[in-house]
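Below: the structure, in structure tokens.
The values are calculated or read from the model by the stated rules, or taken from the named source; none is laboratory data. Every value quoted in this text rests on a predicted model; they were computed, and no experiment measured them. Every residue, glycine as well, gets a Cβ built from its backbone with ideal geometry; the counts of neighbours run over all protein chains shown.
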Amino acid sequence: METLEYRCPNCNAYLVFDAKSGDMKCDYCLSHFSVDEVKENNETRGKVYNEENGHTHSCEESDSEYFSYSCPSCGGEIIGDATTAATECPFCENPTVITQRLKGEFKPDFVIPFKVTKKEAVSALEKLYGGKKLLPNAFTKDNRVKKVTGMYVPYWICDCEASGTVHYDATRVRTYTDGKYMVTRTDIYKVIRGGTVSFDNIPQDGTTKLEGIHTESIEPYDYSEMIPFSNEYLSGYFADIYDVNSEEVLDRVAERAKASVRESFRETVIGYSTVTEGQSNINIKNGDIHYALLPVWMLNTNWNGKTYTFAMNGQTGKVVGDLPVDKKKFWKRVAMFFGIFAAVAALIALAL
Ligand SMILES: [Zn+2]
Ligand SMILES: [Zn+2]
């Protein structure tokens, strides 16, 4: 398995992509290098440099589902599965990019680099916890939020065009008096809406690993900041390549586009008492499809046998998460309120 670690030219410590500056940073001597500089350095000196220094590793294996190799820093065993593209040594946290996984059809077209730092992600999660008074003490006390992980998630970004028509049955009901009669008049209308809507950058995650995380809820990403992919951005983060191919996501994209077209057509059918959507005929023409890695801060944690997942958009900072509620703590609070209430009532009774 061919892997690559980025080393500081000054002190030989690891270089990681720094979300704050957008540079490659050495945490040891605090030097900064631009991504292009590091890239150039690796391309010109390339393999020779890396092999001399023992930074490129290959190991033959028959099982392609998993791989393992020893960490060049501490000798610990680094394990990844079939879609791992960037990881770290679980013992010394040495960042590794599995360059072999990022070739050919698996080389991403684009990347949105991390903009939210780990520090910012941790404090956002602490704020989320802080706002939850009912959170069990056992859950919050052992620094779980520090385990938040920066992950590049594989996405398919699609353009498409949807055109067609939607029919509606609509009514307009009027009530008026005519002499001694109360008249209810119902007019029935056949409403048709048609047109073409173009969609740019519909995102769809290309991984089966995120079950339980609704990637749609941390969207949108700002695609104007999407840049051509380069391996350097992955150093210091985790990354996966796709395991859901583009054909599979196109169906989901078509459904999303159709739903959106129906919604925007429906918004124009106004001024009726009732509207019922009838038959619709919407055709999807697929446009460009791009493969991109998008940044997500993630925390998966177990509490009381249940898994809780938090996710944060690594570009915009938008957070979603589910939090456990401690029933006992809830009842203690309720009891406390009643306790205070009873005490106040007793005071009033004494005063009388
Ligand atoms: Zn350094
Ligand atoms: Zn190590």
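Name the residues in region 60-113 that are within 16 Å of ligand 2 (Cβ to nearest atom) and of a type in the set (Phe, Trp, Tyr), would you? If the condition is that a residue be within 16 Å of ligand 2 (Cβ to nearest atom) and of a type in the set (Phe, Trp, Tyr), then 67, 69, 91 are the ones that fit. Residues in region 7-41 that are part of a loop (DSSP other than H, G, I, E, B) and farther than 22 Å from residue 119 by Cα: 8, 9, 10, 11, 12. Determine whether region 78-85 contains at least one residue that is within 16 Å of ligand 1 (Cβ to nearest atom) and either out of contact with any helix residue (DSSP H, G or I) (no Cβ under 9 Å at 6 or more places or on another chain) or in a loop (DSSP other than H, G, I, E, B) (or both). Looking through region 78-85, none of the residues is within 16 Å of ligand 1 (Cβ to nearest atom) and either out of contact with any helix residue (DSSP H, G or I) (no Cβ under 9 Å at 6 or more places or on another chain) or in a loop (DSSP other than H, G, I, E, B) (or both). Out of region 93-130, which residues are within 23 Å of residue 28 (Cβ to Cβ) and either in contact with a Lys or Arg (Cβ under 8 Å, 6 or more places away or on another chain) or exposed (fewer than 13 other Cβ atoms within 10 Å of the Cβ) (or both)? Of everything in region 93-130, those that are within 23 Å of residue 28 (Cβ to Cβ) and either in contact with a Lys or Arg (Cβ under 8 Å, 6 or more places away or on another chain) or exposed (fewer than 13 other Cβ atoms within 10 Å of the Cβ) (or both) turn out to be 117, 119, 122.
Do we find a residue being of a type in the set (Lys, Arg), exposed (fewer than 14 other Cβ atoms within 10 Å of the Cβ) and in contact (Cβ under 8 Å) with a residue 40 or more places away in the chain anywhere in region 154-177? Yes: one or more hits.
Do we have any residue at all in region 221-237 that's assigned by TED's automatic domain parsing to the domain that holds residue 161 and without any contact (Cβ under 8 Å) to a residue 60 or more places away in the chain? The answer is yes; a qualifying residue exists. Working only within region 202-240, note down all residues that are buried (at least 18 other Cβ atoms within 10 Å of the Cβ) and part of a strand (DSSP E or B). Listed by number, the residues that qualify are 202, 203, 204, 205, 238, 239, 240. For region 118-164, a residue qualifies if it is at pLDDT below 80 and more than 21 Å from residue 218 (Cβ to Cβ), and the qualifying residues are 133, 134, 135, 136, 137, 138, 139, 140, 141, 142, 143. Residues considered: 266, 252. Of these, the only one that is touching a strand residue (DSSP E or B) at 6+ places or on another chain (Cβ under 9 Å) and closer than 30 Å to residue 86 by Cα is 252.
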